[in-house]
Amino acid sequence: MTTPDIAARRVLGAIAALVVGTLTLSACGGNASADANTDSKGGGNTTAKTSTAKITISAKDGSTNASINSTGVQVSDGKLTDVKMTVAGSGQAVDGAIAANGASWKPKEQLERGTKYQISATAKDSSGKTAAANSIFTTVTSSNSFIGTYTPDNGTTVGVGMPVSFNFDKVISDKKAVQSHITVTSSSGQQVVGHWFGAQRLDFRPQDYWKAGSKVTMKIDLDGVQGANGVYGVQKKTVTFNVGRSQVSTVDVNTQTMTVVRDGQTLKSLPISSGSPEHTTYNGQMVISEKFTQTRMNSQTVGLGGEYDIPDVPHAMRLTSSGTFIHGNYWYNKSNPPFGQTGTSHGCVGLADVQGAQGATNAAWFYDNSLIGDVVVVKNSPDKTVAPDNGLNGWNMAWSEWTAGSAA
């Protein structure tokens with residue numbers, strides 16, 4: 001018969017064994033900040049000695065929304081001796097480098113989204129004692145992250161009308177959080193304010209056109225910023241671009257001419273052909289957003305049925321996202337050229353040109369002398385003013401209204 005005392009001792013013994021087993025299992029688990037050192041000296045006696053080196057892996061063990069930009073390893077009170085990073089499962093190595101002072105390690109390339117990685121790191125303190133740490137983690141997935149496609153690109157030179165424009169691939173519900181982690185500044189000292197067009201587009205501009213010759217810096221610090229419920233940013237970079245000379249060209253529909261003014265001086269007055277009475281050209285300030293030496297224009301893409309399909313429109317520069325261009329025209333009636341006389345287009349601004357975009361034409365001259373970001377102003381058209389979000393055309397919004405659309 002088992003007495004109560006004996007039963008109690010057995011239960012306690014079982015619990016003790018369970019605790020030992022649990023501790024043993026815990027010692028085998030990886031974590032993002034750990035150290036270990038064991039010295040063995042004669043007689044089979046092993047004495048654990050703790051290294052003063054402390055390794056920290058930025059991505060915590062078991063985490064599932066790790067950054068694709070800032071993942072790395074750091075050590076205090078010691079130097080890293082070895083860091084290995086692999087894609088978990090496949091074992092594919094991720095290249096990286098330990099800093100010259102041995103205090104940190106980071107991957108050479110941005111990590112992939114939605115990928116499981118493993119990092120193992122070792123370091124030594126000043127006494128030569130070793131510390132180790134490891135972490136297995138998964139980077140934020142595409143479905144749980146957002147990216148902003150932006151313009152202009154780093155290192156470019158643009159016209160004075162070029163805004164900074166972000167288009168996000170997810171709906172942003174916390175606009176304040178997102179906007180506050182994007183800063184745009186100019187060497188000119190101009191105040192730059194952001195404005196939201198809906199929930200996926202954020203533009204920045206000063207009250208007036210950028211100052212010619214200024215440098216604009218855009219700091220994107222969205223990595224880990226929650227833009228919507230469970231959706232985080234992944235971008236962290238600094239982008240700079242230069243503002244070139246000032247060029248603003250004014251199209252007068254009444255006279256069918258365009259006057260090109262650079263840095264306050266008139267360069268040229270060119271005859272143009274604007275939209276016809278049936279397809280008028282928008283009024284307002286429009287920014288050149290794209291340039292094509294030749295491009296196809298098909299009326300079906302702008303909701304005009306099968307009215308035209310021209311495969312090689314020369315010297316075409318986009319003014320609106322809805323399809324307004326300023327471009328060369330070689331298909332005009334040679335016996336009665338419309339330029340300087342009458343509007344004949346489907347809403348675009350046409351300049352005399354030749355097929356193949358090879359001649360020394362008015363269209364070629366204007367194309368060669370224009371930058372993305374230059375401004376084309378249309379006036380005296382019977383049409384309405386272009387919408388501020390139709391292209392990069394926020395200049396058509398009053399400053400008070402622009403600033404009212406800021407979430408910061």
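The values are calculated or read from the model by the stated rules, or taken from the named source; none is laboratory data. Predicted model only: the values in this text are computed from it and were never measured. Quick reminder, even Gly has a Cβ in these numbers, built from the backbone with ideal geometry, and neighbours come from all protein chains shown. Accessible surface areas use protein heavy atoms only, side chains included; no ligands, DNA or RNA. Shrake-Rupley method; radii C 1.70, N 1.55, O 1.52, S 1.80 Å.
Miscellaneous remarks
- Gyration tensor verdict on the range 325-375 (Cα atoms; rounded if a/c is under 1.5, prolate if a/b is larger than b/c, oblate otherwise): oblate
- Alpha carbon centroid spacing (whole Å) that separates the range 65-101 from the range 169-237: 31 Å
- Cross-link partners of LYS116 among lysines, defined as those whose alpha carbon lies under 20 angstrom from its own and excluding same-chain residues fewer than eight positions apart: LYS60, LYS84, LYS106, LYS108.
- Extent along the principal axes, Cα only, for the range 148-193: 32, 20, 16 Å, with the longest axis given first.
- Sorted from longest to shortest, the spans of the Cα atoms of the range 117-159 along the three principal axes equal 60, 30, 9 Å.
- Selected from TRP196, TRP365, TRP395 as most flexible by GNM, with the chain as the system and alpha-carbon contacts under 10 Å: TRP365
- Expected-Rg normalisation [2.2 N^0.38 Å, Cα atoms] applied to the range 86-194: 1.56
- Reported value for the range 141-297: 160 Å³ per residue, from the convex hull of its C-alpha atoms.
- Cross-link partners for LYS219 among the lysines, with Cα-Cα distance under 19 Å and sequence neighbours closer than 8 places in the same chain left out: LYS175, LYS176, LYS236, LYS237.
- Using the alpha-carbon positions of the range 280-324, Rg (one decimal) and Dmax (whole number) come out as 11.1, 29 Å.
- Degrees separating the helix 4-28 axis from the principal Cα axis of the chain, which is the longest one: 40 degrees
- The chain - percent of accessible surface contributed by carbon and sulfur, probe 1.4 Å: 49 percent
- Of the peptides 185-192, 274-281, 235-242, the order by per-residue mean of other Cβ atoms within 10 Å, starting with the highest, comes out as 274-281, 235-242, 185-192.
- The range 313-355, relative contact order [Cα under 8 Å, separation at least 6], %: 44 percent
- Residues in the range 140-146 carry Karplus couplings, in order, of 4, 7, 4, 6, 10, 9, 10 Hz; the curve used is 6.51 cos²θ - 1.76 cosθ + 1.60 with θ = phi - 60°, and Gly or Pro positions show x.
- Segment LEU304-THR64, extension gain: residue separation times 0.36 nm, minus the distance between their alpha carbons: 81.5 nm
- Residue-normalised accessible area of the range 83-168, given per residue in Å² at a 1.4 Å probe: 47 Å²
- Peptides ranked, highest mean first, by Cβ atoms within 10 Å: ranges 331-338, 145-152: 145-152, 331-338
- Dividing the convex hull volume of the alpha carbon atoms of the chain by its residue count gives 246 Å³ per residue.
- Pairwise alpha-carbon distances in the range 247-366 exceed 17 Å for 54% of all pairs.
- Whether the range 81-129 is rounded, prolate or oblate, judged on the alpha carbon gyration tensor where a/c under 1.5 counts as rounded: prolate
- Rounded to whole Hz, the Karplus (6.51, -1.76, 1.60) HN-Hα couplings of the range 400-408, x for glycine and proline: 5, 6, 4, 5, 5, x, 8, 9, 7
- Calculated FRET efficiency for the pair ASP312/ALA408, C-beta based, R₀ 35 Å, to 0.05: 0.20
- Cα-derived Rg to Rh of the range 253-310, Kirkwood definition: 1.02
- Positive dipole terminus of the chain, leading residue within GLN179, VAL302, VAL375 (C-beta point charges): GLN179
- Note: the range 349-398, Cα convex hull, 118 Å³ per residue.
- Relative contact order, percent, the chain [alpha-carbon distance under 8 Å, six or more residues apart]: 13 percent
- For the chain, built as a Gaussian network whose Cα springs stay under 10 Å, the top-fluctuating residue of ASN134, ASN298, ASN329: ASN298
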